[in-house]
Every structure is written in C-alpha cells, then in structure tokens.
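Here's the structure we're looking at; comments come further down.
The values are calculated or read from the model by the stated rules, or taken from the named source; none is laboratory data. Owing to the predicted nature of the structure, the values given are computational and were not obtained by experimental measurement. Don't worry about glycine lacking a Cβ; one is built from the backbone with ideal geometry, like all the others, and counts go over all protein chains shown.
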Amino acid sequence: MAGQRSDLTFGANRAKRIEPLLDPTASDELDRQILEFSLRYDPQTGLLNHHAFQNALAAHLRSIQPGEEVALIWIDLLNLRKEFSLLGWTGAEALARRIAETLRSVVDDDALLGRFGARSFLVAMGAYKLGKYGRRRVQDVIDMLTPQRPRDEATEPEVATGVAFFPSDTASADDLVRFAGLAAARASYIKSRIVVAFHPRMNSLIVRDHLLEVEMRKGLDQGQFHMVYQPKVDLMTGQVLGAEALIRWNHPDLGAIPPSEFIPVAERSDLIHRIFEFGLRTTLEQAREWRDLGLALPLVAVNASAANLRADDSPRMVRSIMENIPIAPTQLELELTESLAFEDEELFTQRMRQLRAIGVRVAIDDFGTRYTGFNVLRHLPLNTMKIDQCFIRGIDRCPDMLALCETIVAMGRQLKLRMVAEGIEERGELEVMRKIGCEAGQGYLFQRPVPADEFTAFMREWPERMREFGFEYFPGLFETDPIYAVG
Ligand code: C2E
Ligand code: MG
Ligand code: MG
C-alpha cells in the first residue's frame, strides 16, 4: 500500500518492539512506550486495536491512487468461546495469536492488520486490479488460515469471513469496515467456508433483523405480544380435543409482524427463550381460566423451537412454570418441529424423555417437511404427529398425495400416535382425511386462530356449528368438568 506507509507498517504486520531500556532512570520512557503501545495495539496479538485500525485505514484510503482497490476482510473466529471453555483464556488467546501470526505470514508487508474485540480480525490489503484476481487473492489468504486437512490435536480456527471492496462498495472507511462485518455475519449465518462478498441487500436485511431484535426486546417488556388459539377437532366425533397457541406481535409503528418473520430472528438470540416462556405462561394461565369457566378443553399446545430444546434448562423451566400454574401436566402438549431431530437426534430424544418424565405430551410439528425416518420416529417418545399442510392441500384432487397421506397415517397408527392434519381449508380435504382415518384436524375450515375471548365464544357455539361438518352431537361430549386428561 502506498502513502502513510510508515504509519501503516508501524501498526500492521510488525508491532514495534518495546526495547528494554537498560538505564533504570529511563523508566519514564519505558512507561511512555508501554502506554503508547497499549493505546494502539491489542496486547495479546500485537495487531492494531479497533481505534488505531480505523484511523490508519481512513488515512490510507485518503492517499490511494485512482484505479487502486482495497479489500477489507473481516474474519470472525467462531470457536473462540469453545476454546475458552475447554482451555481457558490462555488457550483462547493462543488460538488468537496463531491467527495473527498466520495472517502476518500470508499478507504483504504493507497490509493493515487489526483485531476488534476478542473474536474479529481485520485485514486491509491492496486488491490490485481487482476483478476476479483480487477476489481470488482474498480467498487464498483465508484458505491458508484454515487448512483443509484433517483436524489434528491442535485446534484449528473455525472462521466466517466477509469482504468489502473500496471504492466499488463504498468510498467511506467506516462503511467499508461495517460492510465487511455484515458480510462476515452473513457467512456465519449461512455457515459458509467461502469468503462472502458484501452485497447492498445485506445492509437492509441485517439492519431489519437488528431492528426487529431491538424492537422485540422492547415489545416483550411493553406487552406488545399476545397469543391466539386454534381448535384441534376430533375428525370422528367433532369433539374439540385442544387448542394450539400461536404467538402474535402487534408493533405500534410496524403493525402486525408474522411469526415467520420474527421467530427466526428470535432464534438467533436469547429472545427465543423469552418467547417460549411468555407463550407457555400465557397459555397455561388461559387454560386455567377456561377450566374455571367449565369449558371442556382436554389440552393446550404450545410451539417450542429447536433453539428452546437445545437449552439445557428447558425441561426445568417448563416444570417450574407448571408448578406455579397448577394444571395437569398431561394437559400440555409441546409442538416441536423436526429440525432438531434432524440435527441432533440424541439430544432431541433426551429432551423428549425429560419432558415426558414431567408428564407433558410431545407432538412433532410440520411432519414431512424435514424427513425423519421411520426408524428414528420409532424410538422417539412421541404422542402426536402433525402432518404438514403441504400434504393436505387439495388432497381430494390428487391421488398421489392421497396415497402418501394414507401411508403416513398408517405409519402413525402403527406407532400409536395421534395423527393431526394441519391446515384443513376445504370440505373435500376434511372428508378425505376423515376417510383415511386421520384422528384429528385443524384449519381455517373449522376456525382461524383467534384471541382467547373469541375462542371461548367458539367453544360455546361449536356444539351447534359442528353439525355443518357432518358431526353428530352427543350430549356429554362437552360436559367434562373438571377437565380430564387425555392419556
Ligand atoms: P405451526 O406451528 O405449524 O402453525 C400453523 C400455522 O398455520 C399457523 O401460522 C396458523 O395460523 C396457520 N394455519 C392454521 N390453519 C391454517 C389453514 O387452514 N390454512 C393456512 N394457510 N394456514 C393455517 P402462524 O401463526 O403464522 O405461525 C407460523 C409458524 O410460526 C408456526 O407454524 C410455528 O412454527 C411458528 N410459531 C407460531 N407461534 C409460535 C410460538 O409461540 N413459538 C414458536 N417457537 N413458534 C411459533
Ligand atoms: Mg404448531
Ligand atoms: Mg405446523
């Protein structure tokens, strides 16, 4: 890199050595040098610290010749925390030092190297005439950092890397750093081993994610969330078997934000645990209220994300909420998607067992969207299987889908699971599911998810309305007081 070179090299690949001053009277000079060092450098690696890096980069970009390009690479060290828990701070720092050394050895002398916080490493280097060659060079640097060879005893760094280019992505030093950081965040999110280049869309997407996260935190404190409930109906008798609770968020300025948008953001932070706790507490309190009103509702179901189950204390949390809201544990069903079973079967099975030990029922949600083999299913302590709506939609007009659903229902029956058809919208779909022996169903056809008071009204009107769907009304079906538990 041209220009400001003395300053850059001073702070870049080789931090200036502090010369031991033999003359003890020169200790003031030593103090001054140490102070100067600590103000500019990360003490563990000798790389420029955040502040010094930003200044040096801005100075360099100001001096750049027309036609020159600079690549700003942002490397996040992903396994730092793991190293820290395994080997303590010394081990984690040793890993960070190894990265710094490798970077020093692979980049040109005039590249600028920095460390931001504990886990982020930055490199600013000339990207030559850019085009493919420049981008290839960036990938080469990262490949040297994380050799693709079998892991040996020593820990290999696991990194997520993003890159932004000056001046094609931005002419601002601050934005260049920010954009490379966004690209690295994207690389970490999609678990990419390849360097991810910044794209303007990332800016708006990540800004939106961040906004949602901040707003969600506020919204949870300010009561912007509530639960809505949708009935699950016994397809043979018409009895309401239970209610599935679904979360809703009404933001004062952004309006109604659907769960499909905010749940994935919550899953990437601790917010998913607050959402689970909120959903569980609200739904159980509501179930108690319905019980006090004498409504026959055998069970309520709450959705739990894989991120909730991964947390070690999730069964304990469920138990402690249930202790404070006295409701028969068998009255609660947790709906879990297949994704965790897919990622970590052992953990999934263990959590299910822990939940079943409390007495809670467990359902597998959206069955069929991530295929869990029969052999896995056979060993899971499940109560219920919910067949995803994509198998139900238009089933009365599609013989292939019908055959598939028949097989799924037969398999479920063999496993002694309660089978629930999700998203029944049409009368034809209901008739087919009933005919093939699917025990229960839910969907807009019967009732959309509604707030608690509307659900209470639905329950009161249902004995009359159910005849519309060909259900016979048997007195006694709805007279269950106190609520009974379904085995
Ligand atoms: P899910 O658990 O599979 O819930 C079923 C979704 O289908 C709900 O969407 C429901 O409103 C919708 N639905 C019900 N009947 C019909 C129908 O007949 N037709 C159509 N087209 N849709 C129907 P919603 O409420 O938007 O939730 C979407 C997903 O978000 C849920 O899928 C669940 O995975 C997640 N979710 C919702 N609430 C929570 C929550 O409290 N916690 C967690 N972790 N996830 C939740
Ligand atoms: Mg569900
Ligand atoms: Mg579902």
List pairs: first residue in region 332-353 and in a strand (DSSP E or B), second residue modelled with pLDDT under 75 and more than 16 Å from ligand 1 (Cβ to nearest atom) anywhere in the structure, Cβ distance under 9 angstrom, at least six positions apart or on different chains.
none
Would you please name the residue that is modelled with the lowest pLDDT, looking only at residues in region 414-439 that are of a type in the set (A, V, I, L, M) and either within 16 Å of ligand 1 (Cβ to nearest atom) or in contact with a Lys or Arg (Cβ under 8 Å, 6 or more places away or on another chain) (or both)?
415
Filter pass, residue 307 being part of a helix (DSSP H, G or I), at pLDDT below 90 and either in the same structural domain as residue 441 (by TED's automatic domain parsing) or aliphatic (A, V, I, L, M) (or both)
yes
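Tell me, which residue of region 392-413 that is in a helix (DSSP H, G or I) and among the charged types (D, E, K, R) is nearest to ligand 1 (Cβ to nearest atom)?
It comes out as 396.
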Considering each of 369, 349, 384 in turn, give the residue that is among the hydroxyl-bearing types (Ser, Thr, Tyr) and more than 16 Å from ligand 2 (Cβ to nearest atom).
349
From (1) loosely packed, with under 15 Cβ neighbours inside 10 Å; (2) farther than 30 Å from residue 438 by Cα; (3) within 14 Å of ligand 2 (Cβ to nearest atom), pick out the condition that doesn't hold for residue 260.
(2)
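This table checks each residue for (1) closer than 21 Å to residue 377 by Cβ; (2) within 15 Å of ligand 3 (Cβ to nearest atom).
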{"position": "408", "(1), (2)": "yes, yes"}
{"position": "411", "(1), (2)": "yes, no"}
{"position": "416", "(1), (2)": "yes, no"}
{"position": "424", "(1), (2)": "no, yes"}
{"position": "427", "(1), (2)": "no, no"}
{"position": "437", "(1), (2)": "yes, no"}
{"position": "441", "(1), (2)": "yes, yes"}
{"position": "444", "(1), (2)": "no, yes"}
{"position": "454", "(1), (2)": "no, no"}
Looking only at region 234-281, how many residues end up being more than 30 Å from residue 190 (Cβ to Cβ), within 12 Å of ligand 1 (Cβ to nearest atom) and in contact with a Gly (Cβ under 7 Å, 6 or more places away or on another chain)?
1
Residues that are of a type in the set (Val, Ile, Thr), part of a helix (DSSP H, G or I) and more than 17 Å from the chain's Cα centre (by Cα), drawn from region 192-208:
none
